[in-house]
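Visitor: The following block contains the structure, expressed as structure tokens.
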Amino acid sequence: QAAIDAVPEKYRCAVMLGGWGQLRRSEVLGLQRGDIDLGEGTVRVERAWKITEDGKAVLGPPKSDAGLRTLYLPGHVLTALSAHLDAHVGPDQEAWLFPGDNGMPMVHRTFSRVWTRARGTIGRPDLHFHDLRHSGLTWIAQKGATNAELMHRGGHASVASVMIYQNAAAERDKALASALDLS
């Protein structure tokens, strides 16, 4: 929550989508109004920013077919998205969820500056945007998500990718068992 509060209001939903929606930064910055379905409570991931070999940012499909997905979002995120759409997003379905000053999609570097300032504000220069996604997927694993559910949620193409979150859940289970130890 401290990270959400530390960014300008128009970027708060981006941080929420990283943690509570488990989206990659490249996916968050590629979202358009039409990707949000408040009635169904979902976000659809169809595009993401990629850095080309020559260092240019281009918008295209996610890095794998598994990255194309529709995810349900928690109610508090939907409430925030509803307000965000009203305040910061144009009416067209193709309007960018997080537009730059020129109305085009915000680029990776611009958001990096916003995120770097927020990390400094909360005294967590070590916190990467991807850590929000990692935390969110770990929370989902701790709630009992199967490997298939974690793969879908994270847009992963292999079980190996999601084992990181299952291992974190196993470590938590070990800690809980230790907390119950009477010896």
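The values are calculated or read from the model by the stated rules, or taken from the named source; none is laboratory data. Everything quoted here is computed from the prediction, not taken from an experiment. Neighbour counts run over all protein chains shown; Cβ positions are idealised from the backbone, glycine included. Ligands, DNA and RNA are stripped out before the accessible areas are found, and what is left, the full protein with its side chains, is counted by its heavy atoms. Shrake-Rupley method; radii C 1.70, N 1.55, O 1.52, S 1.80 Å.
Visitor: Quick check on Thr52: is it of a type in the set (S, T, N, Q) and under 22 Å from Ala141 (Cβ atoms)?
Guide: Values: of a type in the set (S, T, N, Q): yes; under 22 Å from Ala141 (Cβ atoms): no.
Considered against the rule, which asks whether it is of a type in the set (S, T, N, Q) and under 22 Å from Ala141 (Cβ atoms), Thr52 comes out as no.
Visitor: Which pairs turn up if I take residues in the range 112-127 that are over 16 Å from Glu9 (Cα atoms) and look for partners that are buried (at least 16 other Cβ atoms within 10 Å of the Cβ) and among the basic types (Lys, Arg) with beta carbon separation below 8 Å, at least 6 apart in sequence or on another chain?
Guide: Pro125/Arg119; Asp126/Arg119; Leu127/Arg119
Visitor: Pick from Leu73, Leu29, Leu23: which is over 24 Å from Ser158 (Cβ atoms), buried (at least 19 other Cβ atoms within 10 Å of the Cβ) and touching a Gly at 6+ places or on another chain (Cβ under 9 Å)?
Guide: Leu73
Visitor: Which is outside any helix (DSSP H, G or I), surrounded by 11 or more Cβ atoms within 10 Å (Cβ to Cβ) and modelled with pLDDT under 90, of Ala157, Ala141, Ala168?
Guide: Values: Ala141 fails: outside any helix (DSSP H, G or I); Ala168 fails: outside any helix (DSSP H, G or I).
It is Ala157.
Visitor: Go through the range 131-148 and give me each residue that's touching a helix residue (DSSP H, G or I) at 6+ places or on another chain (Cβ under 7 Å) and not aliphatic (A, V, I, L, M).
Guide: Arg133, Ser135, Gly136, Thr138, Gln142, Asn147
Visitor: Kindly provide the set of residues from the range 51-70 that are open to solvent by less than 60 Å² (accessible area, probe 1.4 Å), hydroxyl-bearing (Ser, Thr, Tyr) and closer than 14 Å to Gly155 by Cβ, ordered by number.
Guide: Across the range 51-70, the qualifying residue is only Ser64.
Visitor: Enumerate the pairs (first residue in the range 14-30 and free of Cβ contacts under 8 Å to residues at least 12 places away in the same chain; second residue anywhere and open to solvent by less than 10 Å² (accessible area, probe 1.4 Å)) with beta-carbon separation below 9 Å, excluding pairs fewer than 6 apart on the same chain, so at least 6 apart or on different chains.
Guide: Going by the 9 Å Cβ cut-off, there are no qualifying pairs.
Visitor: Please work out if Ser178 is at pLDDT below 85, more than 20 Å from the chain's Cα centre (by Cα) and in a loop (DSSP other than H, G, I, E, B).
Guide: No: the conditions fail for Ser178.
Visitor: Also, quick follow-up: So, of the residues in the range 93-105 that are surrounded by 10 or more Cβ atoms within 10 Å (Cβ to Cβ) and either out of contact with any helix residue (DSSP H, G or I) (no Cβ under 7 Å at 6 or more places or on another chain) or aromatic (Phe, Trp, Tyr) (or both), which turns out to be farthest from Gly154 (Cα to Cα)?
Guide: Met104
Visitor: I would also like to ask the following. Among the listed residues Ser183, Ser161, identify the single one that is within 24 Å of Pro61 (Cβ to Cβ) and of a type in the set (Ser, Thr, Tyr).
Guide: Every option except Ser161 fails the conditions.
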